[in-house]
Amino acid sequence: MEVGKDSSVEFPISLLTRRRFLGWLGWGSLAVAIGGIAQSVPYYLKPQLTYEPTTTFTVGRPSDYQIGEMRPLEAKRVFIFRTPLGFQALSMTCTHLGCSYKPFGPPSQEYSVVHAFCPCHGSVFARDGRVLGGPAPRPLPFYKLELTPDGRLQVDTAKVVPSTQYLTADGKEIEGPQPDGSDIKFS
Ligand code: FES
């Protein structure tokens, strides 16, 4: 019979082809699985690092500042003061909702001391960081300053220091009076 004859010839060939195909498929899947596992091994062996924003940055050399200068560094959100005693770094971030407050100004009719306004909701701060008015719940923090080995001033916003701490131009931390704003030369 024609049909039987044909099928007796074609059946083994198609079976062989199917077996081969399934074999390749099996080996291929195994290879893909092993490749995936091998690729993920270094991920588990390597320590997983988390990159957090750095809290230290440099703000120039002591000689870049005049005595009596109050320098707002908007990008860093910090004021650098150079007083006759030394340097101080004061946060520029209002402790209410985080706006940048304005530079300190001389005493006025309303406030008899050197003070700074926050334009967002009207908090007022004294030069030593105290809250004089408005909704700010906490004083402004002063940040640690130090001199790098190559002579640059470095601020660390992760370290808060007392408002009576100063860094001398040659890198010594000293205690001084509460800053009252008389150390700023207003032009
Ligand atoms: S953010 Fe400064 S007063 Fe609200």
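Each value in this text was obtained by applying a stated rule to the coordinates, not by laboratory testing. All values reported here derive from a predicted model rather than from experimental measurement. Heads up, the Cβs are rebuilt from the backbone with ideal geometry, glycines too, and the neighbour counts pull from every protein chain shown.
How big is the Rg/Rh ratio for region 92-187, C-alpha atoms only, Rh by Kirkwood, two decimals? Radius of gyration over Kirkwood radius for region 92-187 works out to 1.00. When peptides 71-81, 100-110 are sorted by average Cβ neighbour count within 10 Å, with the highest value leading, the order is 71-81, 100-110. Over 20 Å between Cα atoms: which of 76/102; 76/144; 102/172 fall into that group? Going by Cα-Cα distance, 102/172 fall outside the 20 Å limit.
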